[in-house]
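Asks: One structure coming up, written as structure tokens, with questions to follow.
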Amino acid sequence: MIPYYAHPSAIIDENCDIGEGTKIWHFSHIMSGCKIGKRCNIGQNVVVSPQVVLGDNVKVQNNISIYTGVICEDDVFLGPSMVFTNVINPRSAIIRKDEFRKTVVRKGASIGANATVVCGNEIGSYAMIGAGAVITKEVPAYGLVYGNPARQNGWVSEFGHKLEFDGEGVGICPESCQRYILSANGVKKVE
């Protein structure tokens, strides 16, 4: 018995590692050699290329191609029609498969609809990328970025709320009441 669900229109190549409880929806193609964790949701019209790694509980909305070189850790959210690239200077007549650049999306990060992530960058844990943003450089953990090119416009909690910091650099999430400290090195959650 297969431990995951795939819609009859989905194509699942051989040699894929797909975790228990994952759901793969209409017209998606899961290519050989990729690894998809447990309890993921792969929306319709999604391509997951060879050697892509998706952690547990990754939500991939409709119309996304996740190209070789992309790694998404646990609890990542990929908004509708967002884009990953994997070659910095693509040309149709020049084969550059040996030049794929690695892109890592750390635990809990969210990437908004129609955003573009230029290859070779890391999105920090729990970062929030606004809809339509173009990511051209690293995004720090808990960073809130948007625009084209994307610029940092604050910090967010693990629950996705913008943090306001007091004079001592302490911010509190209004939903979870978790405390965060702002320093020159970025934001850290107080355990």
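What follows is calculated from the coordinates using simple rules that are stated; it is not laboratory data. Note that the structure is a prediction, hence the values are computed from the model and not measured. FYI the Cβ positions are ideal-geometry reconstructions off the backbone, even for glycines, and counts take in every protein chain you see.
Asks: Can you pull out the residues in the stretch 94-124 that are among the hydroxyl-bearing types (Ser, Thr, Tyr) and more than 10 Å from the chain's Cα centre (by Cα)?
Replies: Of all residues in the stretch 94-124, those among the hydroxyl-bearing types (Ser, Thr, Tyr) come to 103, 110, 116.
Scanning the stretch 94-124 gives a single hit, 116.
Asks: Which number in (1) farther than 24 Å from residue 137 by Cβ; (2) under 24 Å from the mean Cα position of the chain (by Cα) marks the one condition that residue 168 misses?
Replies: (2)
Asks: Looking only at residues that are under 20 Å from the mean Cα position of the chain (by Cα) and part of a strand (DSSP E or B) in the stretch 3-38, which one is nearest to residue 110 (Cα to Cα)?
Replies: Checking each candidate, the answer is 36.
Asks: Just a yes or no: is a residue in the stretch 174-183 touching a Phe, Trp or Tyr at 6+ places or on another chain (Cβ under 9 Å), surrounded by 19 or more Cβ atoms within 10 Å (Cβ to Cβ) and polar (S, T, N, Q)? Steps first, answer last, please.
Replies: At the first step, the residues of the stretch 174-183 found to be touching a Phe, Trp or Tyr at 6+ places or on another chain (Cβ under 9 Å) are 174-176, 178, 180-182.
Filter once more, so that each one left must be surrounded by 19 or more Cβ atoms within 10 Å (Cβ to Cβ): 180.
Within this subset, residues satisfying the condition of being polar (S, T, N, Q) are none.
No.
Asks: Could we say that residue 41 is within 28 Å of residue 131 (Cβ to Cβ), more than 14 Å from the chain's Cα centre (by Cα) and not hydroxyl-bearing (Ser, Thr, Tyr) here?
Replies: Working: within 28 Å of residue 131 (Cβ to Cβ): yes; more than 14 Å from the chain's Cα centre (by Cα): no; not hydroxyl-bearing (Ser, Thr, Tyr): yes.
It is false that residue 41 is within 28 Å of residue 131 (Cβ to Cβ), more than 14 Å from the chain's Cα centre (by Cα) and not hydroxyl-bearing (Ser, Thr, Tyr).
Asks: Out of (1) surrounded by fewer than 17 Cβ atoms within 10 Å (Cβ to Cβ); (2) touching a residue at least 24 places away in the same chain (Cβ under 8 Å), the odd one out for residue 35 is which?
Replies: The one condition residue 35 does not meet is (2).
Asks: Further, regarding this structure: Of the conditions (1) buried (at least 17 other Cβ atoms within 10 Å of the Cβ); (2) closer than 30 Å to residue 44 by Cβ; (3) not β-branched (Val, Ile, Thr), residue 160 clears all except one; give me its number.
Replies: Of (1) buried (at least 17 other Cβ atoms within 10 Å of the Cβ); (2) closer than 30 Å to residue 44 by Cβ; (3) not β-branched (Val, Ile, Thr), only one is false for residue 160: (1).
Asks: Scanning the stretch 70-88 for residues that are within 13 Å of residue 53 (Cβ to Cβ) and part of a loop (DSSP other than H, G, I, E, B), which turns out nearest to the chain's Cα centre (by Cα)?
Replies: For the stretch 70-88, the residue satisfying everything is 76.
Asks: List every residue pair whose Cβ atoms sit under 7 Å apart, with the two residues 6 or more apart in sequence or on different chains, where the first one lies in the stretch 118-130 and is at positive phi and basic (Lys, Arg) and the second, anywhere, is in a loop (DSSP other than H, G, I, E, B) and surrounded by fewer than 24 Cβ atoms within 10 Å (Cβ to Cβ).
Replies: Note: no pairs meet the criteria.
Asks: Let me ask you something else. Within the stretch 174-187, track down each residue that is closer than 30 Å to residue 118 by Cβ and without any contact (Cβ under 8 Å) to a residue 24 or more places away in the chain. Steps first, please.
Replies: As a first pass, look at the stretch 174-187 and keep what is closer than 30 Å to residue 118 by Cβ: 180, 182-187.
Matches in the stretch 174-187: 183, 184, 185.
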